[in-house]
Every structure is written in C-alpha cells, then in structure tokens.
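FYI, it's all coordinate maths here, none of it is from the lab. Bear in mind the structure is a predicted one, so any value in this text is a computation, not a measurement. Glycine also receives a Cβ, built like all others from the backbone with ideal geometry; neighbour counts cover every protein chain displayed.
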Amino acid sequence: MEAKYDPAAIEKKWQQTWASEGLDQTPDATRQPKFYALSMFPYPSGNLHMGHVRNYTITDVIARVKRMQGYRVLHPMGWDAFGLPAENAAIDRGVHPAKWTHQNIDQMRSQLQRLGLSYDWNREVATCAPDYYCWTQWIFLQFLAAGLAYQKEAAVNWDPIDQTVLANEQVDSEGRSWRSGALVERKLLKQWFLKITDYAEQLLQDLDQLSGWPERVKLMQENWIGKSTGAQVHFATEIGADLTVFTTRPDTLWGATFMVLSPEHPLVEKLTAPDRVAAITDYQKEAAKKSDLDRTADSREKTGVWTGSYALNPVNGEKIPIWIADYVLMGYGTGAIMAVPAHDQRDFEFARQFNLPIRGVVQPANAEVDANNLTQAWTEGGVMVNSGPLDGLPAGKGEGESVAAAIAWLEAHGKGQQQVNYRLRDWLISRQRYWGVPIPVIHCPDCGIVPVPVDQLPVELPEDVAFSGRGASPLAKLASWTQVPCPTCGTPAQRETDTMDTFIDSSWYFLRYADARNQQQAFDPAKVNDWLPVDQYVGGIEHAILHLLYSRFFTKVLRDRGLLNFDEPFKRLLTQGMVQNITYKNPKTGKYVPIDQLSDAQNPVDPETGDRLEVFYEKMSKSKYNGVDPQVVLGKYGADTARMFILFKAPPEKDLEWDDADVEGQFRFLNRVWRLVQGFVESPASAKPSPIEQAALSKAEKDLRRATHTAIKEVAEDVADDYQFNTAVSELMKLSNALSDAACPDSPVYTEAVQTLVLLLAPFAPHIAAELWQQMGQRGSVHLQPWPEYDPAALIADEITLVIQIKGKTRGTIPVPADASKADLERYARESAIAQRYLEGQTVKKVIVVPGKLVNFVVA
C-alpha cells in the first residue's frame, strides 16, 4: 500500500537535511558562470505576510533553476533591522530595541526556513549588528572624505509638547504628533546630508543602461530626478540684494506681476517693512505647523502676506510686490518664484485671492484673450504678446523658440543665464533617534567636525539608555557616551548624536553579501566585482524610487572611490504585484468588516447597521481584515502547496487574488503527482532504465515522449527572462495528465517522463521533489541535477489533430499524418464522417486549408 502524501513530515525531514548539509551548494566557481538572485530584505517585524511569501518564492525559483542550469548561484538573505518600529516597541513594551529586533529575526528566520528557500544562511546579515554597521560608518566616512557629506540647517517635524523631533511616520493625517496629539511644527535644526545632486545627471543618463528594468520604474526615477532646462533670473530689490529665481518659462517674464517667497526664505526678514513685521511673523508661525504635502495641496485655498517691499522685473523695470506664501517651499528651486498668474494655475488662484494684476503674454494662435476675464490660467502654447522683443514668436515650453529667445535676451543684458535644474534634492540622512547607525563624527570646539578614526569603528550604540519618546534623542542625554576627547587635538568634544536614515543600510547590503564575514573590510573588491551586479532583483513597486535611487547613488560613489568596477547595482528588476483578498466595506461608514462577522458572505451586510457591504479585492492588510496568515496555510497544506499557488495564480508582476479553492487545487495536484510517482516506484519498470530509440517507439510512447519534451521546452522558456511561472506550472500539470493517460507504463519512455516531471517540479515544490527523487532511487540532490534539455526529434509529431469547420464553425476533429500536404488535408477532411454529415445536400463554394491546423468548408 502506497504511503500517503504527508507534507509536514516531508518538509521537516528535508529542512533538517538541508540545514545540516548546507543547501546552497555551488558548482566549480572556476568553470561556471555566476548568477546573483536577490530579494529585497525585510524589516524583522516578527511575522511573515503573504507579500513576503510571494517575493521570496519567486526569487527562490529563479535561483534553483539557475543552479540546476549549471550556474554558481548567490542567493542570500538578511534583515533591514534598524528603524523606528523597534524604538516605538521599546517605549510601548519596555523592551530594549536590540532584544525585540533579534527576537523577531529568530522568529522570521524559522518561518522563512519552513518555505524551503535556498538561502545561503552563512551570508546572513543584520543591519543592526555592529559587524555590519561598522562598515556602514566606514562608508559614511568615504562620503565625508569625498566632500559628499555635509551639515546644514533644515526643517524638521517638531513636537512642541514632547520637545522632540518626529519622523514623518509619527505625524498623523491632521498634522498632529502620534504621542502628544500636539500640532506639529516645522523647526530648523542642523542636519546631515549626502550630496546626491552631484550625481543627478549620471543617475538620469544611466537609466538607459537598465534594459532589464520595467519602463514605469525608470520613468518614476526620471521624474523624481526631474531634470529641467530654463533660466536663472535675478530680480533687484530695494535692500540691494538680488532675489534669484529659476524658471522653465523665462519667456513669460513680461507677464510677471508679483513675486512669492517661501516663508522660510533667508531674505524675508530684511525685505519686510516695519509695519508688516507682525503679520509676517504670525504667518511664518502658522506655516511652520503645516507639512509640505499640506502646503502644496492643489485643493487648499491660497494664503499669503505682503512683505511691504518690491522687486524690479528685470525685463521691463516694473516694480512688483514681494509676498510670502506657504505654497512655495524653501526646499525646491531657490525658495522664490516669479508669479505669472495668467499662465500658472497656482499663481492665478493667488492673484484672484488678493486682487493682484493678471497680464497675459501668451495667447492662442488666431485668437485674442482678455487676461482680466480668464476663469483659469492659460497653460497651453500659442503666440507671444505683450513681451517686447518676443512678440509674435511661437510660445513653447522647454527649448521652444520663445524660451531660447528669452534666455538669449537675459544673457545679453546680464539679467540671467541658462541653467539646468533638478527636482532631486540632497539626501537628508539625520535622524534624532536611538535605533540607527551612529554618525561617526566628533564635534570639537577647536577642530570643528572630526571623523572618528577608522580603527575606532564601530561607534557602538550604548545599551544603558532610557526610552520615553519625549525630549532629545536618548543618545543626546547620555553624557558618558557623548563626551569624548577630540581624536585630533585631545580637547573635550562631543559625539554626533544623530543616527542615520535606515535607507543608508539598505543602500549597500547587496554588496556585503558577497563577502559577509569579512572583519577587515566592508567587502573584498575582488569578490564584489566577481558577484555583482545583481543579476535579478525582486521586490515591491513601493521601493521603485528611493531605495533603488539611493542604491544606484552608493554604487556610483563607491565606484569613484575605486572599490567597484560597475556602474549599476541591479541588472534586472522584477517588481512583483500585490497579494489581494476579498474585502468587505461599508460604503456609508467607511469601515471594514471581517468575513467571520458575516452571516452570509454571498449577500453581505454590516452586522451592526444592516447596510449592504461593498465586496472587492484589495491588498491584504490587518486593518482591512482580509489578511491570510501564511502559517495557517503552511500548517494545513504545506510549503510546497503555498509556493505552487503563489506561482500559479498570476504572473509575478501582476496582482494576485487569493482563492482558497485554487490553494486546494494545487494541493490536489501535488497529491496526484505523489500517487503517480508512488505507483511508478512500485512497478517493475522503475528498476529497468534503458536507452530510448525514437524511431523504434510505438505511437503511445511517441505521444508520451512528445509530451515530456514539450514540457521541458515550454517550462525552460517560461522560467527564462520573463518568468511566466504560472504557465510553467500549467505545463507540469499537462505532463502529469499525459503520464496518467499513458498506455505504456512499462516503457523506458514512461521512466523518462516521471523523472522529468520530478526534475521540472523541483524549483517550484522543493520538498516533495527531493523526497520523490530519493524514493525513485536516484543519487544526489534533485536540486543539483542538470536541468533537462529537450530532444527536438521527440517534438516531431507523426500525427496531428485537424480541426474541421463548416462556415467557420468547428464541427469536430480527426487525426491526420503530420506531413500531409494541403491537398491531402482537404481530401482527409472531405472523406471524414464529420464532413459527410454536415455537408450532405450542400454545395461547397470554397475550401480554406490552414496546414497543420484546420480545414474550413464555405458552403452556399
């Protein structure tokens, strides 16, 4: 009696085996090509969710296939372990962030191991470990030495009650502090920055190298970098200092009727008239309470205050008033704009709000527009008017004729010059928190900023700190840690108490994997240059901009420091879709309802209000009560079933809709494969492998062999560059069906088919494949066997199925010789019982023959 498929027992056996033997065995590195497969590493929250399962399963299949195809494969895993949640846990639970983080890592590692992921755990890293962040600090010092790290004042979120800096995540949608509930203010503090803007043009141009990235991700990065060509224009003021603006439309200067400064602009105080000081100061205080997102929202009514002073429009000498308004941000451009209300919607709304002049300088061709009667700004092209030397020129954005003429005029008159500008801003990396990488500098009253000597790294986080969430960072309160002698002169000095943005940690982790146990260097350049760049990177679209941009930036800087010999870190990028589930929502209250509270899921109503509920698929989330716990699925069906469902349900880049019936379907399929192989193992044929001669095979054998080698060919294509794993799983099902229907169970062709099915299944369902391979008496790990190659001769069919149509409608099929001519195909079709039946008494006007596919009879 055959043994029952028991996924729990099989998975436990093989996970223990792989843990003791080392799963990630690699072929001879001197002869084989490399392949680096990488998933974006997780934050150790303690629990895997289905998004994790999907990401890691996709990458694991890629790694396993490449290993079987003869590549030496690097497939590592680690933990993005610093960050705010651990510090919040310390405050809320009274547990040290390190303890909380390492508990979560242990828990998630065991969950990952249950999935049968082929990680090389010897390369595991955690960004919160001193042997990792030692080198994060060393890399920061490389930036400092290159002039790419600096300090300046910048606005932060400030809680006026708790007297502490808040991360964006600690500010709610109403602009209030997560703990105190106070309205958050904007406050200027000294902050550390990295000069990513020095690499803006390289980051933009090198997107052309990334042919293996989704176009939408490249476009998102291009838009974030935001290159624009325009002019820097200088406006004289009454105090003698110029106000400089950058504009992409210098051709509209003749339509500028006022200027607007950010409330934080450094010249606001000097430009404010005495009788306007109180109004300006009050406005600045109000603006400081708003987030940048709130300030720039299109739906907000425009607010502002006149400074009481004027600037001179450089193209016509006209005096125009200088205002401050919170829709202008200091962090963008120069923090000052020339306002052309006739041709910019924000300026138009501001002008209408404060009854300021509106002057049109662009009008549609062959039409006249009265600027005073506009209902909204005219932002399209047209012809220049009221613009002195530009009158009559075609108006256009970018490098249009009018723009070029305006720049030429400005440069000729010394009023401005052409300039390329970027939306990208330098990267603010300071965080006033404990649980992050300490910035390795010391502030000396005599020497200024002094880097911590390399032989004193890492600057370790002290453990004896108190967490309250109030006041300064825990590090700033610890005098025994902050007060140190200057490394240069010995004068009493202060450590930097800011820690680094966690994006720093994830901007180089993929390099550390190549040499994860190196205690003398961040990495051996020879090893990194051997393994990198990453051949396939897999992760969520939510990281399409910042993480990927910062990783590209780090790679280019370290290349310029002579440590790397490549320009880009990731050759190919796959952004997997979300895992969604049925969601129930009350459209009147906006509340989500758990399915277990519904009396009838087919006709769902809110159990509290009786309102009919909306039913739709949405990303799994605890807050929406639509999550599925991977541990429950693994416990009921096993890891192989979970993997098969994830891979089968949708292509990797598409959203996946959870379906319990489809999970059950994959479990049934694996049971079917189990029974099929068990029956084979018990048959005499399994002990008699013998050579196969294609020409000597019977029709049944040829049919089965064709199905086998078709599966090899199709699966190989599906797991190549486009990773269509869903259709690959379908091919495995077809081969399983062909084996079930085969009329040659004692043939070596059957043996070949069974072995092929298990080999092709191995990357997708690793545990059951390993067990079946062993039960079949095969030597070695199934995961280190050569990937099967198809035999072209086996794909040649002796017969094909010919479709017979009458007036385009299919009436049946018949078998015919594969090499039949068009004339023979028509003859076979005419002589068939199908044609005889449907053509009786009718006149055939035309016969259409599609070789290898169909014959269509067109009748009167």
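Tabulated data for the structure shown
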| read-out | value |
| --- | --- |
| Helix runs (DSSP H) in the chain reaching 18 Å along axis by Cα, Kyte-Doolittle at least -0.5 | 50-68, 130-145, 546-560, 660-681, 725-741, 748-761 |
| Cross-link reach list, aspartates and glutamates versus residue 846, counting only Cα pairs under 18 Å and skipping chain neighbours closer than eight places | 824, 826, 831 |
| Per-pair calculated FRET efficiency, R0 = 25 Å: residue 92 and residue 163 via Cβ, rounded to 0.05 | 0.80 |
| For peptides 605-617, 233-245, 563-575, 485-497, sequence by mean Cβ density within 10 Å, most packed first | 563-575, 233-245, 485-497, 605-617 |
| Top positive-direction residue, dipole computed over the chain with Cβ charges, set 95, 595, 698 | 698 |
| Most to least packed among 771-778, 533-540, 808-815 [average Cβ atoms within 10 Å] | 533-540, 771-778, 808-815 |
| Within segment 579-619: Cβ-based charge dipole about Cα centre, in debye rounded to nearest 20 (Lys, Arg +1; Asp, Glu -1) | 160 |
| In order through segment 486-495: 3J(HN,Hα) via Karplus (6.51 cos²θ - 1.76 cosθ + 1.60), integer Hz, x for Gly, Pro | 5, x, 8, 10, x, 5, x, 9, 10, 5 |
| Residue (of 437, 59, 229) at the positive-pole extreme of the chain, dipole from beta-carbon charges | 59 |
| Cα-centred dipole magnitude for segment 148-224, charges only on beta-carbon of K, R (+1) and D, E (-1), debye, nearest 20 | 260 |
| GluC sites (Glu not before Pro) within segment 384-487, DSSP loop, no more than 16 other Cβ atoms inside 10 Å | 399, 460, 463 |
| Listed residue pairs exceeding 30 Å between alpha carbons, taken from 588/622; 190/289; 624/654 | none |
| 5 angstrom amide H check on residue 382, placed H, neighbours 5+ away | 395 |
| Packing rank of 131-143, 349-361, 788-800, where each peptide gets the mean count of other beta carbons within 10 Å, highest leading | 131-143, 349-361, 788-800 |
| Dipole magnitude of the chain, debye to nearest 20 (Cβ charges: Lys/Arg +1, Asp/Glu -1, about Cα centre) | 980 |
| Dipole of segment 276-425 [Lys/Arg +1, Asp/Glu -1 at C-beta], most positive-end residue of 309, 377, 367 | 309 |
| Rounded FRET efficiency, nearest 0.05, which uses the C-beta distance separating residue 672 from residue 822 and R0 of 51 Å | 0.80 |
| Cross-link reach list, lysines versus residue 415, counting only Cα pairs under 17 Å and skipping chain neighbours closer than eight places | 319 |
| Additional length obtainable on full extension of the chain from residue 798 to residue 375, 0.36 nm per residue less Cα span | 144.8 nm |
| ³J(HN,Hα) computed for each position of segment 618-625 - Karplus, 6.51 cos²θ - 1.76 cosθ + 1.60, integer Hz, glycine/proline x | 8, 3, 4, 7, 4, 5, 9, 6 |
